[in-house]
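The values are calculated or read from the model by the stated rules, or taken from the named source; none is laboratory data. Nothing here was measured: the structure is a model prediction, and the numbers come from that model. Here the Cβ positions follow ideal geometry from the backbone for every residue, glycine too, while neighbour counts run over all protein chains shown.
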Amino acid sequence: MRLIEVQLAALLSAFISGPLSAEEGQTGGEATANADAHPPASWLERDTLTGDWGGLRTRLKEHGITLAPRLTQFYQGMTAGDGDHDFKYGGKVDVLLNADLSKLGFWDGLSLTVHGEYNYGRSVNGLGGVVSPPNTALLFPGLEGADSFDLSSFYFQQKFDNSVTLLVGKINMIDLAGMKPFSGGSGINSFWNLTFAAPPSGAVPPYLFGALMSVRTERATFGLWVYDPVSVVNKSGFEEPFADGVSVRGSVDFPVTIGGLSGRQGFSALYSTQDGTDLSDTGDILLPPFPPGDPGIKDGRYHFSYSFDQALYRVSENSKEGFGIFGQFGISDGNPNKLYWSALVGIGGTGLLIPGRSEDNWGVAYYYNTPSRDLKDALPLLKISDEQGVEAFYNFEVTPWHTVGADVQVINPSLGQDTDIFLGLRSVTRF
């Protein structure tokens with residue numbers, strides 16, 4: 001059966017590609033030998049369910065265009081805590097397009113990234129008094145009506161001499177945070193909770209409109225962001241750009257090597273000119289007599305953070321199998337920013353836990369978020385408290401294009417008295 005499958009695949013490939021040109025015919029013998037040595041992967045072995053689309057995927061890639069369709073499904077419920085205990089089904093259909101514009105006639109180093117997202121169904125976000133959403137993927141762009149679809153990224157990228165990179169346009173910041181080792185994953189490939197997938201600062205929108213620059217040197221990588229402080233979820237970014245001010249963020253990341261294993265330690269500082277409600281000037285807004293007039297306005301806001309990730313063990317130099325630790329601590333002005341400070345630490349890895357499962361990934365992490373003290377004083381009836389939680393997940397690779405994962409989160413919520421427990425299953429299919 002395997003021989004027949006290979007022969008049919010070779011025949012189909014020859015039919016799609018058509019006759020060779022004169023130059024291709026001169027090297028055809030070598031190409032045929034390589035094809036025989038590495039036959040096309042079966043549908044259970046290839047990286048995507050739909051394969052090469054009859055050669056179209058390869059031809060697009062040769063012209064600098066890659067398409068990555070994906071379906072992520074969730075079945076998650078709150079099994080303990082105050083609120084609805086029904087399990088809920090929801091999903092995200094998304095397509096990521098990357099175009100190397102230099103192969104399409106433009107100058108070297110220019111590329112375009114577009115990310116389309118569509119959410120459907122229901123989620124547990126908002127249950128149990130939890131402030132940090134337990135399901136990042138279903139949080140944005142939304143779940144109802146027109147808000148369930150968005151082009152979350154539409155930006156141009158320009159690379160200069162492989163050391164300077166500039167991004168300009170509408171940028172999905174959850175995608176960028178998803179590139180972090182051991183955590184990240186955008187709520188799809190790793191942790192589910194927003195605090196781990198994209199640690200909140202209270203001053204960086206989930207989708208932003210602006211420019212991000214990165215400068216890489218041997219000793220450090222420097223970053224400078226200039227962006228509109230207003231979220232552009234379900235917006236283009238061109239409606240009223242920078243009408244409410246501007247935000248500037250600077251960062252520096254230092255490469256760290258311990259025992260021959262790579263790591264990173266980074267610092268960031270952010271300042272925004274965006275005004276906000278002065279939380280110390282609201283009075284007891286839920287208790288009569290109500291404060292006269294409107295609350296005061298506080299100018300500007302800031303946020304500082306320290307973060308790290310470090311590989312601790314790897315089976316071999318060229319293997320993905322291993323594990324590492326990560327963490328972050330951030331602090332803000334606390335007024336008008338509603339989040340005062342937050343901290344998280346965790347461990348994540350690939351393989352190791354189950355013999356023979358070298359492609360599975362897993363993680364365990366803890367977070368502690370402290371809301372603004374002025375916000376607590378302004379809303380005494382809500383009894384706002386610090387929030388802390390633990391999450392553990394495990395993803396089973398069924399095939400290279402399909403994973404199934406399980407997740408548990410135990411959270412002491414900021415707006416509730418009872419401990420919440422969230423259990424969930426996640427399926428990711430790459431087409």
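Give the number of residues within the stretch 84-115 that are in contact with a Leu (Cβ under 7 Å, 6 or more places away or on another chain), of a type in the set (G, A, S) and surrounded by fewer than 17 Cβ atoms within 10 Å (Cβ to Cβ).
Result for the stretch 84-115: 1.
Assuming A343 fulfils every condition listed in (1) surrounded by 14 or more Cβ atoms within 10 Å (Cβ to Cβ); (2) of a type outside the set (K, R); (3) in contact with a Gly (Cβ under 7 Å, 6 or more places away or on another chain); (4) modelled with pLDDT of 90 or more apart from one, which condition is it?
Checking A343 against (1) surrounded by 14 or more Cβ atoms within 10 Å (Cβ to Cβ); (2) of a type outside the set (K, R); (3) in contact with a Gly (Cβ under 7 Å, 6 or more places away or on another chain); (4) modelled with pLDDT of 90 or more, the one that fails is (3).
Could you give every pair whose Cβ atoms fall below 6 Å, whose first residue belongs to the stretch 250-276 and is farther than 17 Å from G210 by Cα and assigned by TED's automatic domain parsing to the domain that holds N318, and whose second residue is at pLDDT below 95 and surrounded by fewer than 15 Cβ atoms within 10 Å (Cβ to Cβ), counting only separations of at least 6 or pairs across chains?
Pairs that qualify, where the first residue is farther than 17 Å from G210 by Cα and assigned by TED's automatic domain parsing to the domain that holds N318 and the partner is at pLDDT below 95 and surrounded by fewer than 15 Cβ atoms within 10 Å (Cβ to Cβ), are D275/I297; D275/D299.
Looking at P336, P355, which is the one that is more than 19 Å from the chain's Cα centre (by Cα), at pLDDT below 95, more than 30 Å from F304 (Cβ to Cβ) and in a loop (DSSP other than H, G, I, E, B)?
None of the other options fit; the residue is P355.
Identify all residues within the stretch 143-162 that are in contact with a Pro (Cβ under 8 Å, 6 or more places away or on another chain) and free of Cβ contacts under 8 Å to residues at least 40 places away in the same chain; write none if there are none.
If the condition is that a residue be in contact with a Pro (Cβ under 8 Å, 6 or more places away or on another chain) and free of Cβ contacts under 8 Å to residues at least 40 places away in the same chain, then S148, F149 are the ones that fit.
Failed condition for P380, given (1) modelled with pLDDT of 95 or more; (2) more than 26 Å from F329 (Cβ to Cβ), with all others met?
P380 satisfies all of (1) modelled with pLDDT of 95 or more; (2) more than 26 Å from F329 (Cβ to Cβ) except (1).
Out of everything in the stretch 123-182 that is basic (K, R) and crowded, with 19+ Cβ neighbours inside 10 Å, what residue ends up being farthest from I411 (Cα to Cα)?
Only one residue tops the list, namely K170.
Go through the stretch 358-372 and give me each residue that's part of a strand (DSSP E or B) and touching a residue at least 60 places away in the same chain (Cβ under 8 Å).
Selection gives N361, G363, A365, Y367, N369, P371.
Looking only at the stretch 62-76, filter to residues that are out of contact with any Gly (no Cβ under 8 Å at 6 or more places or on another chain) and not in a loop (DSSP other than H, G, I, E, B); which one of those is surrounded by the fewest Cβ atoms within 10 Å (Cβ to Cβ)?
Restricting to residues being out of contact with any Gly (no Cβ under 8 Å at 6 or more places or on another chain) and not in a loop (DSSP other than H, G, I, E, B), the top hit is E62.
For V233, indicate whether it is over 18 Å from M173 (Cβ atoms) and at pLDDT 95 or above.
The answer is no for V233.
Taking the stretch 202-241, which residues are among the aliphatic types (A, V, I, L, M) and in a loop (DSSP other than H, G, I, E, B)?
Within the stretch 202-241, A203, V204, A220, V230, V232, V233 meet the criteria.
Going by the structure shown, is V404 in the same structural domain as Y313 (by TED's automatic domain parsing), among the β-branched types (V, I, T) and under 30 Å from V95 (Cβ atoms)?
Here the answer is yes, as V404 does meet what is asked.
Tell me whether the stretch 130-140 contains one or more residues that are within 20 Å of D175 (Cβ to Cβ), assigned to a strand (DSSP E or B) and of a type in the set (S, T, N, Q).
No, because not a single residue in the stretch 130-140 is within 20 Å of D175 (Cβ to Cβ), assigned to a strand (DSSP E or B) and of a type in the set (S, T, N, Q).
Condition first: among the hydroxyl-bearing types (S, T, Y) and either surrounded by 15 or more Cβ atoms within 10 Å (Cβ to Cβ) or part of a strand (DSSP E or B) (or both). Now tell me which residues in the stretch 416-431 satisfy that.
Result: S427, T429.
Filtering the stretch 315-326 down to residues that are surrounded by fewer than 20 Cβ atoms within 10 Å (Cβ to Cβ) and not aliphatic (A, V, I, L, M), which residue is nearest to R249 (Cα to Cα)?
Across the stretch 315-326, the extreme among qualifying residues is F323.
Does L167 satisfy the criteria of being under 19 Å from G330 (Cβ atoms), more than 12 Å from the chain's Cα centre (by Cα) and assigned to a strand (DSSP E or B)?
When the stated conditions are applied, L167 does not pass them.
What are the residues in the stretch 373-406 that are more than 26 Å from the chain's Cα centre (by Cα) and assigned to a loop (DSSP other than H, G, I, E, B), if any?
Within the stretch 373-406, L379, K383, I384, S385 meet the criteria.
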